[in-house]
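Just so it is clear, none of the values below were taken in a lab; they were calculated from the coordinates. As the structure is a computational prediction, the values presented were derived from the model and not from experiment. Because the Cβ atoms are built from the backbone with ideal geometry, glycine has one as well, and the counts that use them run over all protein chains shown.
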Amino acid sequence: MNIKRLIVVVGATASGKTDLGVALALHYNAPILSTDSRQFYRGIPIGTAQPTAEQLAAVEHHFIANLDITTEFNCGEYEKQALARLEELFRSHDTVVAVGGSGLYIRALCDGMDDLPEADKALREVLTQRLESEGVEALAEELKGLDAEYYEQVDRSNPARVMRALEVCLTTGQRYSDLRKGCRKERDFQIVQIGIEMPREVLYERINRRVDIMLEQGLEAEARAMLPYRHCNALQTVGYSEMFEYFDGNISREEAVELIKRNSRRYAKRQTTWFKRDERIRWFSPSQQCEIIEYIDSQFGESDIKC
């Protein structure tokens, strides 16, 4: 029986995942499946650092700009759709490369989602009203008191994730982080996970430079075009939230840029903390492409093959 293989590339924002993913996809003649929850949406390619036109032309990509900005999408739905897409792709490919930095979506793909309680509509309405009147920071502080572990992991600029965790804590009386530690679901394909890392000061400089490049490419205009949709969950994230504050006159453009850089660095720190908890991930520098390929081949029982 021919075992199908999934190579998962993870790491912090701006660490070089996209470039490595494309290189691995070309090496293994494999398509790429995105696990970046921000890159699913159309109309925001700059702020979400979607693959370039050249990268999209070089390798077949899936789950890139496939959703309208108003579409509600979650990890559970992603698990269903991604597994269905993998089944299709494995009919014509032995290997697929998954690339992204959204920890929950990677977990959904590799391990499956935990069976969490359904949303309580009445409580959700209360939390939504509090979000509008108090802001996401107040909800995040309440979550910190109920579940400090998840508070340290969650993207606290994302109201949907903060509200969902708080909702589960209040509904069940248990920590969201405890309820999410269920059993891994078996997959009928082999998984190898590769992590990309570099010294913190190097990563932070790359993040700062990436933000500058995004601005040169037209991030401000892209955010302005999204103003009518600013309430959508897809835009409750770093890059757009700060720009909206600038458009509202609450901060200057210079302050918005510095906040984007700062919040991106904080997000990268949370991503790294999340991924480092998973002992299945083997870490490399982005320059170690040959070593990465040799490691992948060894995990797939092809240790005699050299890159």
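Data overview
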| quantity | calculated |
| --- | --- |
| Magnitude of the charge dipole, the stretch 1-136, Cβ model with Lys/Arg +1 and Asp/Glu -1, debye to 20 | 360 debye |
| Equivalent ellipsoid semi-axes - Cα gyration tensor, the stretch 121-179, angstrom | 17, 13, 8 |
| Mean ellipticity per residue at 222 nm, deg cm²/dmol - from DSSP H runs of n ≥ 4 across the chain, formula -39500 (n - 2.57) | -15500 deg cm²/dmol |
| Segment residue 132-residue 53, extension gain: residue separation times 0.36 nm, minus the distance between their alpha carbons | 24.7 nm |
| Prolate/oblate/rounded label for the stretch 174-243 (Cα gyration tensor, a/c 1.5) | oblate |
| Between helix 75-89 and the chain: long-axis angle, C-alpha atoms, 0 to 90°, nearest 10 | 20 degrees |
| Listed pairs 17/269; 17/185; 4/80 exceeding 22 Å between Cα atoms | 17/185 |
| Calculated SAXS-style log₁₀ I(q)/I(0) at q = 0.19, 0.20 Å⁻¹ - the stretch 118-250, Debye, Cα scatterers | -1.15, -1.17 |
| Degrees between helix 200-217 axis and first principal axis of the chain (Cα, 0 to 90, nearest 10) | 70 degrees |
| Nonlocal amide H pairs with residue 195, under 5 Å, H built at 1.01 Å | 10, 282, 283, 284 |
| Charge dipole (debye, nearest 20) of the stretch 187-238; +1 at Cβ of Lys and Arg, -1 at Cβ of Asp and Glu | 160 debye |
